[in-house]
Amino acid sequence: MKHDSAIFWFRQDLRLSDNPGLIAAVNWAAENQGKVIPVYIWAPDEEGMWPPGGATKVWLSESLKALAKEIEKHGSRLRIFEADPQISEDKPKQSSLSILAAVAEELGAGAVFWNRRYEPAAIARDKEIKSTLKAKGLTVETFNGALLLEPWQVATKEGKPYQVFTPYWRTCLSQIQVELEPPLEAPKTISSKKLAATDTEKLSFECSLEDLHLLPHIKWEKGITEAWMPGEKGALKQLDKFLNDGLDDYSEMRNRPDIEGVSRMSPHLHFGEISPRSLWFIIKEKAEHFKNEKSKAAALSYLREVGWREFSHHLLYYFPQTPTEPLRGDFKLFPWEKNPEALRAWQKGLTGYPIVDAGMRELWHTGIMHNRVRMIVASFLVKHLRLPWLAGAQWFWDTLVDADLAQNTMGWQWSAGCGADAAPYFRVFNPILQGEKFDTDGAYVRKWVPELAKMKSKYIHKPWEAPPLELIAAGVTLGENYPLPIVEHGEARNLALAAFQKLKESRVGVS
């Protein structure tokens, strides 16, 4: 058999545009007069301690459907495989490596291409796959399809990784201006040969999307599917909406959870339905057409948020222990509480603090939470309740459609004060003041905490201060149809500061 075809292994790059690994596979196949074999492998056991959570599996299912349709329009077919289960007694447990090797052998592939990932488990897995396939005589090439700059392209003058964002981003910007090339167009066709009858036949170890059982048995995913349009077309549609309705006011509106003042591009970026390079060039081009400086500044502010995404991957690459351990090692001694009941109240949005509860319920229903509210609920967990940041990271991992190991880790360690460039632990967000400042009229709370929908704006972020007649008029009975606060803010703040003081004393050996 001639090995003139090329495998392209889709991972977190579920798109055709600006997909450098796919373009390389198309070019290699054309030069060798072969075909491109698009492959997706479901391998949660190869993700280490962080297999995909429930919400991301819902998104993945929809995104793979959209990708498969686009690939068919481009003259090929997405082949889906499941790496983990043992297919039968006489066949060993499959892995991504064994699947890629078998596909190459059975379909005559002489090369395998993919875009790189940066999570510790994925790096170790990919390194083994690359060396093994090369030893078998295959051409193996990998590319950057997920970041503006590779983590190792950005370093301090001493050649060390950055741990503070501002100097990191300053260095990035100077390099981006020189090194960042324009995004690649999608291939007009994926295969240089027409599909033969054998191309439509499944391999013995191939499966269907339905065989992966990505959707939950208990049908809770409706809110996610109603709120989002996964896939490359969905990404472009959402970006177009942001460009037309949100970008020029981004600086002012980004902290308002009651309106859609943010881009909502994070899940599309996580699944690679759009590349950060495409996003960068599109935003820059849009900004050049703004006539006022305020709108141009808003665009730069948004690109800075793209920079935070880059920074999170930089940190994860150089500090691979951080998904489970604090970057600041002394925080291992922090006296975290063990309170399962308080954790459940936080998870279910029953803390008695309306802005916190609204955020947690929005998360459960839609798989997303406004970024400002993420900071509020995270601060509440680690400071008001003094529960471990890792418990929050694990909950977000399972419930967010944009659950990304690098950003999830950085965000939670930032909130807990134990990561790079982190908020100091003694900065304790007041959920009442945060609600009054960023959800002034209570529209966000009314939407996600309907028990309080009839409360006057004056009391909606602190219903326990409302006079009895106000509560009766609003139909609110505290402790029955809406909980009383599970902790008192002032007391919780003092206890958090005392715990932090205890940590400071332990650093210097003070008993």
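Computed from the coordinates by the stated procedures, all read-outs in this text should not be read as laboratory data. Note that the coordinates shown come from a computational prediction; the quantities given were computed from them, not determined experimentally. So basically every Cβ, Gly included, is an ideal-geometry build from the backbone, and we count neighbours across all protein chains shown.
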Exercise. Straight-line reach from LYS202: which lysines have a Cα under 18 Å away, not including same-chain ones fewer than 8 places off?
Worked result: LYS35, LYS65, LYS69, LYS91, LYS194
For this session: Any chance you could give the angle, 0 to 90 degrees and rounded to 10, that helix 293-318 forms with the longest Cα principal axis of the chain?
Result: 70
For this session: Taking 7 Å along the Cα-to-C-beta vector as the label spot, tell me the GLU106-GLN175 distance in nanometres, rounded to one decimal.
Result: 4.1
For this session: Determine ³J(HN,Hα), in whole Hz, for all residues of segment 119-128 in sequence, where each value follows from phi through the Karplus function 6.51 cos²θ - 1.76 cosθ + 1.60 and θ = phi - 60°; x replaces Gly and Pro.
Result: 6, x, 5, 5, 4, 5, 4, 5, 4, 5
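Quick one: dipole size for segment 329-504, taken about the Cα centre, charges +1 on Lys/Arg Cβ and -1 on Asp/Glu Cβ, in debye to the nearest 20.
Values: 20 positive and 18 negative charges, 55 e Å.
So the magnitude is around 260 debye.
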Problem set entry | Separation of the HIS213 and GLU288 label points, Cα + 7 Å toward Cβ, nm | 5.2
Problem set entry | Residues whose placed amide H lies under 5 Å from that of GLU82, excluding near-sequence neighbours | TRP42, CYS207
Exercise. Whose amide H sits under 5 Å from the amide H of TYR482, counting only residues 5 or more places off or on another chain, with H placed in the peptide plane?
Worked result: THR477
Exercise. So how strong a dipole does the chain carry about its Cα centre when Lys and Arg Cβ are +1 and Asp and Glu Cβ are -1, to the nearest 20 debye?
Worked result: 780
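Sort PHE311, PHE281, PHE165 so the one with the fewest other Cβ atoms within 10 Å of its own Cβ comes first. The partial results should precede the final answer.
Details: PHE311 25, PHE281 16, PHE165 21.
Least crowded to most crowded, the residues run PHE281, PHE165, PHE311.
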Problem set entry | Neighbourhood charge, 14 Å Cβ-Cβ cut-off, centred on ALA298 and excluding it, Lys, Arg +1 and Asp, Glu -1 | +1
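What does the charge count near SER415 come to, summing +1 for each Lys or Arg and -1 for each Asp or Glu among other residues with Cβ under 11 Å from its Cβ? Numbers along the way, then the final one.
Working: positive: ARG374, LYS383, ARG427; negative: none.
Net of charged neighbours comes to +3.
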Exercise. Hey, how many Å between the Cα centroid of segment 320-371 and the Cα centroid of segment 253-312?
Worked result: 26
Exercise. Rounded to the nearest 20 Debye, what is the dipole magnitude of segment 1-145 about its Cα centre when Lys and Arg each give +1 and Asp and Glu each give -1 at the C-beta?
Worked result: 240
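For a quick protection proxy, order the peptides 109-118, 215-224, 342-351 by their average other-Cβ count within 10 Å, most packed first. Can you show the working numbers first?
On the way: 109-118: 23.4, 215-224: 13.1, 342-351: 18.6.
Put in order of decreasing packing, that is 109-118, 342-351, 215-224.
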Seminar exercise, completed: Taking Lys and Arg as +1 and Asp and Glu as -1, residues besides TYR168 with C-beta under 10 Å from its C-beta add up to -1
Exercise. Cross-link partners among lysines for LYS462, C-alpha distance below 26 Å, same-chain residues fewer than 8 apart left out?
Worked result: LYS348, LYS383, LYS437, LYS447, LYS454
For this session: Report, in degrees rounded to the nearest 10, the 0 to 90 angle that the Cα long axis of helix 20-31 makes with the longest principal axis of the chain.
Result: 10
Exercise. Most exposed first by the Cβ proxy, i.e. fewest other Cβ within 10 Å, how do VAL164, VAL262 rank?
Worked result: VAL164, VAL262
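Is it possible to state the helix-based mean residue ellipticity at 222 nm for the chain, with each DSSP H run of 4+ residues giving -39500 (n - 2.57), the sum divided by total residues, to the nearest 500 deg cm²/dmol? What is it?
On the way: 20 runs with 237 residues, N = 511.
The helix contribution divided over the chain gives -14500 deg cm²/dmol.
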Problem set entry | Pairwise FRET efficiency - GLU470 versus ASN494, Cβ, R0 = 30 Å, nearest 0.05 | 0.55
Exercise. In degrees, nearest 10, range 0 to 90: what is the angle between the Cα axis of helix 405-416 and the longest Cα principal axis of the chain?
Worked result: 20
Seminar exercise, completed: To the nearest 0.05, the calculated FRET efficiency linking LEU478 and MET229 through their beta-carbon distance, R0 being 35 Å, is 0.35
Seminar exercise, completed: Once both label points are put 7 Å beyond Cα along the C-beta direction, the GLU325-THR440 separation in nm becomes 4.8
